[in-house]
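Peer 1: Mind having a look at this structure? Questions to follow.
The values are calculated or read from the model by the stated rules, or taken from the named source; none is laboratory data. As the structure is a computational prediction, the values presented were derived from the model and not from experiment. So basically every Cβ, Gly included, is an ideal-geometry build from the backbone, and we count neighbours across all protein chains shown. Heavy atoms of the whole protein, side chains included, go into the accessibility calculation; ligands, DNA and RNA do not. Shrake-Rupley method; radii C 1.70, N 1.55, O 1.52, S 1.80 Å.
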Amino acid sequence: MKKAVVLLSGGMDSATTLYLAKKSGFNVHCLIFDYGQRHKRELESAKAIAKSAGGRYTVLKISLPWKGSVLLDKRKSLPKDRDLFKISKEIPPTYVPARNTIFLSFALSYAEALGAEKIFIGANAIDFSGYPDCRPEFYQAFSKLISVGTKAGVEKKRIKIETPLIRKTKAEIIKLGSRLGVPFELTWSCYYGGKRPCLRCDACRLREVGFKKVGLLDPLLKR
């Protein structure tokens, strides 16, 4: 059975990507990062989602002691109530320096060791928080790195990066996830930990708009 590494954060996008990879016939190996983020709520969500999909998962603990993001430094305030237009057009203080480059590098090493054909990541360049490493050109550049910097690439067995959600809106992602049976009640998007989403951070606002556009109530708000 063909293998794939799936980067799993615990949010809606990565959960939908995982279920899509599974539906596509891959034996999925989820990679979850504990990188010093503000709370562990999303890690618990990621593990629960991996279990629900019947996939194997590895939690990799890494350290970014230089911080450089409000997601890594609790002394700094998270942005709240930002205009939705600004959310997608400006790089916010929640950007973690080179995070997806770091994550993909680990995923690439894991995939090459496993003999996996693909790496799936739920990156999105439409309804997103303006991060430069969520744009298509970033993944195109990283794909070139794979072709020249790995044994698999040199031997013409290049590992492919799949970004199936890159050009989808949050509403489209929710519709797709619903069709795939994604357990959205297990996901977590809020930058704050806790029992309920704050509904004020960028991630919550984008998620809220997505559910409203498809006429559904976010299952996290039913509790």
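Peer 1: Under the condition of being touching a residue at least 24 places away in the same chain (Cβ under 8 Å) and out of contact with any Leu (no Cβ under 9 Å at 6 or more places or on another chain), which residue from region 68-85 is farthest from GLU208 (Cα to Cα)?
Peer 2: GLY68
Peer 1: Further, regarding this structure: Of all residues in region 1-34, which are touching a residue at least 60 places away in the same chain (Cβ under 8 Å) and part of a loop (DSSP other than H, G, I, E, B)?
Peer 2: Selection gives LYS2, SER9, GLY10, GLY11, PHE26.
Peer 1: For the subset of region 180-208 comprising residues that are more than 11 Å from SER129 (Cβ to Cβ) and among the small types (Gly, Ala, Ser), which member is surrounded by the most Cβ atoms within 10 Å (Cβ to Cβ)?
Peer 2: This residue is GLY193.
Peer 1: Report the residue count in region 79-91 for those that are more than 19 Å from the chain's Cα centre (by Cα) and either open to solvent by less than 80 Å² (accessible area, probe 1.4 Å) or over 19 Å from LEU206 (Cβ atoms) (or both).
Peer 2: Of the residues in that region, 3 qualify.
Peer 1: Of all residues in region 97-145, which are in a loop (DSSP other than H, G, I, E, B) and of a type in the set (Lys, Arg)?
Peer 2: Hit for region 97-145 is ARG135, nothing else.
Peer 1: Could you say whether any residue in region 177-193 is at pLDDT below 95, farther than 19 Å from ILE102 by Cβ and not aromatic (Phe, Trp, Tyr)?
Peer 2: Checking region 177-193: at least one residue is at pLDDT below 95, farther than 19 Å from ILE102 by Cβ and not aromatic (Phe, Trp, Tyr).
Peer 1: Restrict the check to region 98-108 and report whether at least one residue is among the basic types (Lys, Arg), open to solvent by 30 Å² or more (accessible area, probe 1.4 Å) and within 13 Å of the chain's Cα centre (by Cα).
Peer 2: Yes, there is a match, as at least one residue in region 98-108 is among the basic types (Lys, Arg), open to solvent by 30 Å² or more (accessible area, probe 1.4 Å) and within 13 Å of the chain's Cα centre (by Cα).
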